[in-house]
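First the structure, in the form of structure tokens, and then the observations on it.
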Amino acid sequence: MKVQGGYLADFVSLLFPELCAACGESLVANEHLICMDCRYNLPFTNFHLQPENIVARQFWGKINLQAAYALCYFIKGGKVQNLMHQFKYKGVQQIGNLLGNIAGEQLIKNDVFNTVDLIIPIPLHKKRMQQRGYNQSACFAEGLAEKLNATVNINNLVRITATETQTHKSRFARFENMQEVFTVKNPERLVNKHILLVDDIVTTGSTLEACGTELLKIEGLKLSVATIAYAE
């Protein structure tokens, strides 16, 4: 027999149903943020099974990576774009944590990624952080850390220059835009560590490359990268 609170919850859900952040359909019992159909039918890349995947190849000859990964393909008008819009612009931070968990379940089975010591999200400039209120890459990092048994480090790699949006820039312009933007405050804490550098979406890889260049100046540091999505 249902208690009164249970009936009230059902009534509220009828009036204000929780919707899937990927497809917009109503969620049913035991579904959270993303419906089961979307969760199992997202455009997964399976890059964790492909050492020489397209994200890894973007960094060949630029920075030395142990491994590179993106959870999903970013398709314009698709479910991942819907998720990222809710995540980045509607304040639904839990989406990042959930996608981090899903990615971590894949990466823990990979012999390279399961040796990660620290996870570092791409930092936001303090002005952007004040505007948005949270770092979406850090939300993803926290979800990853739960599955990889690693620690998230958010205060060492810092963005010292606010940059213009990368959206409409060419590949070369994106690279130029990211020069001398990041620095490491306490490099001695990262010596001989395997660092997983994470971002929300990788397109040209210029932001990850700029961060990776700074991190790889540290003695003995090994670097891998992971993102929620890959966009061509």
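The values are calculated or read from the model by the stated rules, or taken from the named source; none is laboratory data. Small disclaimer: the values here were computed from a predicted structure and weren't measured. Glycine also receives a Cβ, built like all others from the backbone with ideal geometry; neighbour counts cover every protein chain displayed. In case anyone asks, the SASA skips ligands and DNA or RNA and just uses the protein heavy atoms, side chains included. Shrake-Rupley method; radii C 1.70, N 1.55, O 1.52, S 1.80 Å.
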Tell me, yes or no, whether segment 94-113 has at least one residue that is within 27 Å of I160 (Cα to Cα) and among the charged types (D, E, K, R). no
Quick test of your reading of the structure: G100 fulfils all but one of (1) modelled with pLDDT under 95; (2) crowded, with 20+ Cβ neighbours inside 10 Å. Name the failing condition by number. (1)
The condition of being surrounded by fewer than 19 Cβ atoms within 10 Å (Cβ to Cβ), free of Cβ contacts under 8 Å to residues at least 12 places away in the same chain and of a type in the set (S, T, N, Q) holds, among N64, N53, N30, only for N30
Scope segment 59-93; condition within 16 Å of the chain's Cα centre (by Cα), assigned to a loop (DSSP other than H, G, I, E, B) and not hydrophobic (A, V, I, L, M, F, W, C); matching residues: G91, Q93
Contacts under 6 angstrom Cβ, first residue in segment 126-146 being under 16 Å from L71 (Cβ atoms), partner surrounded by 13 or more Cβ atoms within 10 Å (Cβ to Cβ) and among the acidic types (D, E), 6 or more apart: Q136/D200; S137/D199; S137/D200
If you go through segment 67-97 one residue at a time, how many are open to solvent by less than 50 Å² (accessible area, probe 1.4 Å) and either within 17 Å of G24 (Cα to Cα) or at pLDDT below 95 (or both)? 9
State yes or no: is A56 small (G, A, S) and in a helix (DSSP H, G or I)? yes
Would segment 131-147 turn up any residue that is touching a helix residue (DSSP H, G or I) at 6+ places or on another chain (Cβ under 9 Å), open to solvent by 40 Å² or more (accessible area, probe 1.4 Å) and within 26 Å of T213 (Cα to Cα)? yes
The strands (runs of 3 or more DSSP E) lying wholly within segment 179-232 that contain at least 3 residues that are open to solvent by less than 10 Å² (accessible area, probe 1.4 Å) and either in contact (Cβ under 8 Å) with a residue 24 or more places away in the chain or β-branched (V, I, T) (or both) are 194-202, 222-230
